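The values are calculated or read from the model by the stated rules, or taken from the named source; none is laboratory data. A quick note: this is a predicted structure, and the numbers were derived from the prediction, not measured. Glycine also receives a Cβ, built like all others from the backbone with ideal geometry; neighbour counts cover every protein chain displayed. Side chains are part of the model used for accessible areas, which takes the heavy atoms of the whole protein and leaves out ligands, DNA and RNA. Shrake-Rupley method; radii C 1.70, N 1.55, O 1.52, S 1.80 Å.
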Amino acid sequence: MNNAGRMISIRIEKLTKRFGAVTALDGLDLEIRPGELFFLLGPSGCGKTTLLRTLAGFTFPDEGRVFFQDDDVTRLAPHKRNTGMMFQSYALWPHMTVAENVAFGLEERRVSRDEIRRRVGESLESVRMGAYAARRPAQLSGGQQQRVALARALVVRPRCLLLDEPLSNLDARLRLEMRAEIRRVCKEFNLTTVYVTHDQKEALSVSDRMAVLDGGRILQVGSPRDVYRRPASRVVANFIGETNFLAGTVAGADGARLVVDTAVGRLEGVPGGSGLAPAAGAAVTLSIRPECWRLGPASTPGNSVRGRIGASVYLGETSQHEFTVGDTALTIFELNPRFTVRPDSGEVWASVDPEDVVVLAE
């Protein structure tokens, strides 16, 4: 049941959708590569579910076009697009067996009985649910029901797979298990997949690339590593993971790096947005992830600031410290914590590499 050779790209051009006075999608342009596991990420109301529903054909845009490979599907009905869809609710029929639930879409397509039996068996085996074909949904755990929903989406051999927060109803352990399972299945079937979530860890750990949306616009597109390490704006930096923001003024440049004066001292950093080159005197914001700081009894070459440890929380694999420099408080995550210090033990140094200091336009 291999879909190799059937991978498609998805192209969105100037997509706009309004609901009354609310603009849910605001002139979006986006290209999703063949076979890519692509995440749409953002806060509630950012437009990600509207975009997914537009790809599925449940919502038609007011302006713009949607292409599956070279086919314009903007006005096609959902059943003519041949997409597989998974929702937050598993949407399984309670009176049907697992096999009957998976077969439903094929019966609607008038596939022969022998072909249905073969494809249902293959699909259930691909998600490791072959032994459960005769059970009903009520006899399954949440994770097993989610696997059946995935099998049902795959059995129709979709051109692409569309997932709307599929793991939000599972507990933490099952979410981890199903993240890996969804990635395995999508890669095994070479499926172009669009996955909506507000869970940053899910997006960082599973996606090939992601788009961060806010207010119906795409703020940044990139690999998980690029978006996390080089956020293009304060909104992206704040949404993906935790960070420290420091207001600053550009003092000058040192090659590709920018030198910035802040309340904790002069720091060197790298531009966050593409083409960002603020002039001397420009107001900027620095984003520094808590885990990028290193604590020690002495300064090190590069960016070092001197301050005091306030409250500390020991979490085993990390310690979370409040580090104050004058009136400025920073959060520092110490990985594999060894540098233990009491709040009354005086000043210590915190150092950070210039590559981990991201300079953002104000």
Index of the failed condition, G216 passing every other in (1) out of contact with any Ser or Thr (no Cβ under 6 Å at 6 or more places or on another chain); (2) in contact (Cβ under 8 Å) with a residue 60 or more places away in the chain; (3) on the phi > 0 side of the Ramachandran plot
(1)
Hey, can you tell me all the residues within the range 228-251 that are open to solvent by 20 Å² or more (accessible area, probe 1.4 Å) and either of a type in the set (S, T, Y) or not in a loop (DSSP other than H, G, I, E, B) (or both)?
Y228, R229, S233, R234, V235, N238, F239, T243, F245, A247, T249, A251
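Determine which member of the set A24, A99, A103, A91 is crowded, with 21+ Cβ neighbours inside 10 Å and within 27 Å of the chain's Cα centre (by Cα).
Values: A99 fails: within 27 Å of the chain's Cα centre (by Cα); A103 fails: within 27 Å of the chain's Cα centre (by Cα); A91 fails: crowded, with 21+ Cβ neighbours inside 10 Å.
Answer to the check: A24.
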Only one residue in V259, V264 is open to solvent by less than 40 Å² (accessible area, probe 1.4 Å), touching a residue at least 12 places away in the same chain (Cβ under 8 Å), in contact with a strand residue (DSSP E or B) (Cβ under 6 Å, 6 or more places away or on another chain) and closer than 21 Å to R306 by Cα. Which one?
V264
Unmet requirement for T83, which otherwise passes all of (1) buried (at least 17 other Cβ atoms within 10 Å of the Cβ); (2) on the phi > 0 side of the Ramachandran plot
(2)
Every residue from the range 306-329 that is in contact with a Phe, Trp or Tyr (Cβ under 7 Å, 6 or more places away or on another chain) and either within 12 Å of S351 (Cβ to Cβ) or of a type in the set (S, T, Y) (or both):
R306, G307, T318
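Is it true that L219 is touching a helix residue (DSSP H, G or I) at 6+ places or on another chain (Cβ under 6 Å) and open to solvent by 30 Å² or more (accessible area, probe 1.4 Å)?
Taking the combined requirement at face value, the residue satisfies it.
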Name the one entry in V235, V260 that is modelled with pLDDT of 95 or more and of a type in the set (A, V, I, L, M, F, W, C).
V260
Counting only residues that are assigned to a loop (DSSP other than H, G, I, E, B) and in contact with an Asp or Glu (Cβ under 7 Å, 6 or more places away or on another chain), which one in the range 43-80 is surrounded by the most Cβ atoms within 10 Å (Cβ to Cβ)?
C46
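Every residue, every condition in (1) open to solvent by less than 70 Å² (accessible area, probe 1.4 Å); (2) part of a loop (DSSP other than H, G, I, E, B); (3) modelled with pLDDT under 90, yes or no:
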position: A279; (1), (2), (3): yes, yes, yes
position: V284; (1), (2), (3): yes, no, no
position: A298; (1), (2), (3): yes, yes, yes
position: R306; (1), (2), (3): no, no, no
position: T324; (1), (2), (3): yes, no, no
position: T331; (1), (2), (3): yes, no, no
position: W349; (1), (2), (3): yes, no, no
Options V120, V111: the member that is surrounded by 14 or more Cβ atoms within 10 Å (Cβ to Cβ) and part of a loop (DSSP other than H, G, I, E, B):
V111
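Go through the range 14-42 and give me each residue that's of a type in the set (G, A, S) and outside any strand (DSSP E or B).
G20, A21, G35, G42 - these are the residues of the range 14-42 that are of a type in the set (G, A, S) and outside any strand (DSSP E or B).
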The range 126-183: number of residues that are of a type outside the set (A, V, I, L, M), surrounded by 22 or more Cβ atoms within 10 Å (Cβ to Cβ), in contact (Cβ under 8 Å) with a residue 40 or more places away in the chain and outside any loop (DSSP other than H, G, I, E, B):
4
I'm trying to understand the selection: among the residues of the range 104-125, which are in contact (Cβ under 8 Å) with a residue 40 or more places away in the chain and either basic (K, R) or touching a helix residue (DSSP H, G or I) at 6+ places or on another chain (Cβ under 6 Å) (or both)?
L106, R109, R119, S123
